[in-house]
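Trainee: The structure is given below, and queries will be raised subsequently.
The values are calculated or read from the model by the stated rules, or taken from the named source; none is laboratory data. Predicted model only: the values in this text are computed from it and were never measured. As a convention, Cβ positions derive from the backbone with ideal geometry for all residues, glycine included, and neighbour counts pool all protein chains shown.
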Amino acid sequence: MLRKNRLFTPGPTPILPAAQTAMASFSLHHRTADFRALFSRVLADMKEFIGTRNDVLVLASSGTGVMEGSVSNLTSPGDKVLVLTAGKFGERWCDLAKAFGCAVEVLSAPYGETFSLEDVRQKLTPEIRAVYLQATESSTGARHDVKGLARLVRAQGDNTLLVVDAITGLGTTHFDVDGWGIDVIIGGSQKALMIPPGLAYCAVSERAWARMETAKSPRYYFDFRKERKAAAKGESAFTPATSLFAALGAALDFVRQMGNGDLVAGREALINNAELAAEMTRAGAAALGLKLFSPACPAAALTAIHAPAGIDSGAIVKEFRETFAAVVANGQGEMKGKLFRIAHLGFYDYLDTIGILAALELVLATVTGKPVEYGAAVRAAQEVYARTAAAHVMGAR
């Protein structure tokens, strides 16, 4: 049969067609009035997408660039920071903080799990200058309790800043950034916003801006103060990724359309879409006798699933690609071969979810050599969708 290449990875994710068109047709120079108008409009819309009144920066980099910037801009060598890690991206926070000479206190949870709030409370001392964590640990499919963790950090007062990598969390999880007191929240373009890699963004609190005036770590390209000053004039401090800005504007317009002209409502609809696709996928996996890797704290951005006993998850990833031209993600690091990951963030819909579960049934039959009840995963997913749709109709009455 004809095969269409489809991404089911937690980044890059499928590109919005309108964003592709915007990129292909964009030709403005970045130091012109027209581009400044686009730049300023996108920054204003990003505030609504993130859900904040704080200033938002958008930089030409991957998400890791802004992660680095949120260490270099907020710390001085020797500062004590707390890193909460439960996967490969939590470990990245450790590496970044050490690279800038911080004294790193680490609280680890096993892969696939989350943190005890009491354990976090015990680690939070007045000497801790910043706390770094993920909203969603996309290496394991786990989601952390940002609201509960923020409450603990804010109880420490303004001395301790909270920095959240929400690169796969924004657009898949409901946040009250200002109400919870998140000082820096970070996102990436190739995730829920449905455009290619190359832009990273963050919202920065006034507490964090004040800290930058005393922080002593070196910074140049990722100097957030330079970017804030330039953004006030509708520009970036350095050359922006102009065509990606056009794509980002198109993506934000699409999200606004999801909310019938209201960007905030569209953001909520985008999150609910990911939540529903994730619930459908979890139900489908369970119907096939598969086990979730993060059953107690599953994310909406993606679902991580254990490979069947005796099966290398790489064989599942390979069969998806070779038979259906569908790309799902293997495990990372020591989790490679043990789990596979199916994404839900961004430009995925009901038919995408049903299709990947139908393919999963055939993939399992091939790689295990055992009978599979065809339609079991699809039926379980449809039942979830039908219940949700019925509840939505009842709620609208």
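Trainee: For region 257-274, what are the residues that are part of a helix (DSSP H, G or I) and surrounded by fewer than 19 Cβ atoms within 10 Å (Cβ to Cβ)?
Mentor: Kept after step one, since they are part of a helix (DSSP H, G or I), are these residues of region 257-274: 257-258, 263-274.
Correct list: Gln257, Met258, Val264, Ala265, Glu268, Ala269, Asn272.
Trainee: Scan region 204-214 and tell me whether some residue there is within 30 Å of Ile15 (Cβ to Cβ), assigned by TED's automatic domain parsing to the domain that holds Gly101 and either in a loop (DSSP other than H, G, I, E, B) or not small (Gly, Ala, Ser) (or both). Show your work before the answer.
Mentor: Pass one, region 204-214, residues within 30 Å of Ile15 (Cβ to Cβ): 204.
Among the residues that remain, those that are also assigned by TED's automatic domain parsing to the domain that holds Gly101 are: 204.
Narrowing further to those that are either in a loop (DSSP other than H, G, I, E, B) or not small (Gly, Ala, Ser) (or both): 204.
For region 204-214, residues within 30 Å of Ile15 (Cβ to Cβ), assigned by TED's automatic domain parsing to the domain that holds Gly101 and either in a loop (DSSP other than H, G, I, E, B) or not small (Gly, Ala, Ser) (or both): present.
Trainee: Oh, and also: Report yes if some residue within region 10-24 is among the hydroxyl-bearing types (Ser, Thr, Tyr), crowded, with 20+ Cβ neighbours inside 10 Å, closer than 27 Å to Ile182 by Cα and touching a Phe, Trp or Tyr at 6+ places or on another chain (Cβ under 7 Å); otherwise report no.
Mentor: Taking region 10-24 as the starting set, the residues that turn out to be among the hydroxyl-bearing types (Ser, Thr, Tyr) are 13, 21.
Narrowing the set further to residues that are crowded, with 20+ Cβ neighbours inside 10 Å leaves 13.
Among the residues that remain, those that are also closer than 27 Å to Ile182 by Cα are: 13.
Keeping just the survivors that are touching a Phe, Trp or Tyr at 6+ places or on another chain (Cβ under 7 Å) gives 13.
Yes, because at least one residue in region 10-24 is among the hydroxyl-bearing types (Ser, Thr, Tyr), crowded, with 20+ Cβ neighbours inside 10 Å, closer than 27 Å to Ile182 by Cα and touching a Phe, Trp or Tyr at 6+ places or on another chain (Cβ under 7 Å).
Trainee: Additional query: Would you check which residues across region 58-104 are assigned to a strand (DSSP E or B), buried (at least 21 other Cβ atoms within 10 Å of the Cβ) and over 16 Å from the mean Cα position of the chain (by Cα) and list them? So that I can check it myself, show each step before the final result.
Mentor: Taking region 58-104 first, the residues assigned to a strand (DSSP E or B) are 58-60, 80-85, 103-104.
Filter again for buried (at least 21 other Cβ atoms within 10 Å of the Cβ), leaving 58-59, 81-85.
The answer is Leu59, Val81, Leu82, Val83, Leu84.
Trainee: Another question, then. Any idea which of Met23, Met46 is in a helix (DSSP H, G or I) and closer than 21 Å to Lys229 by Cβ?
Mentor: Numbers: Met23 fails: closer than 21 Å to Lys229 by Cβ.
Result of the check over Met23, Met46: Met46.
Trainee: Among (1) surrounded by fewer than 23 Cβ atoms within 10 Å (Cβ to Cβ); (2) assigned to a loop (DSSP other than H, G, I, E, B), where does Ser294 come up short?
Mentor: (1)
Yes or no, residue by residue, for (1) buried (at least 18 other Cβ atoms within 10 Å of the Cβ); (2) touching a Cys at 6+ places or on another chain (Cβ under 6 Å); (3) not hydroxyl-bearing (Ser, Thr, Tyr):
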residue: Leu193; (1), (2), (3): yes, no, yes
residue: Ala208; (1), (2), (3): yes, no, yes
residue: Lys226; (1), (2), (3): no, no, yes
residue: Ala232; (1), (2), (3): no, no, yes
residue: Ser236; (1), (2), (3): yes, no, no
residue: Leu252; (1), (2), (3): yes, no, yes
residue: Val255; (1), (2), (3): yes, no, yes
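Trainee: Only residues that are surrounded by fewer than 20 Cβ atoms within 10 Å (Cβ to Cβ) and within 17 Å of the chain's Cα centre (by Cα): list them for region 298-341, please.
Mentor: Of everything in region 298-341, just one residue is surrounded by fewer than 20 Cβ atoms within 10 Å (Cβ to Cβ) and within 17 Å of the chain's Cα centre (by Cα), namely Gln332.
Trainee: Now, a different point. From the list Ala381, Ala377, Ala304, Ala300, which residue is in contact (Cβ under 8 Å) with a residue 60 or more places away in the chain and in a strand (DSSP E or B)? Walk me through how you get there before you give the answer.
Mentor: Numbers: Ala381 fails: in a strand (DSSP E or B); Ala377 fails: in a strand (DSSP E or B); Ala300 fails: in a strand (DSSP E or B).
Ala304 is the lone residue from the list that is in contact (Cβ under 8 Å) with a residue 60 or more places away in the chain and in a strand (DSSP E or B).
Trainee: Here is a list: Leu28, Leu107, Leu117. Which entry is assigned by TED's automatic domain parsing to the domain that holds Thr239, more than 23 Å from Val204 (Cβ to Cβ), surrounded by fewer than 16 Cβ atoms within 10 Å (Cβ to Cβ) and aliphatic (A, V, I, L, M)? Explain how you work it out, then say what you get.
Mentor: Numbers: Leu28 fails: surrounded by fewer than 16 Cβ atoms within 10 Å (Cβ to Cβ); Leu107 fails: surrounded by fewer than 16 Cβ atoms within 10 Å (Cβ to Cβ).
The conditions single out Leu117.
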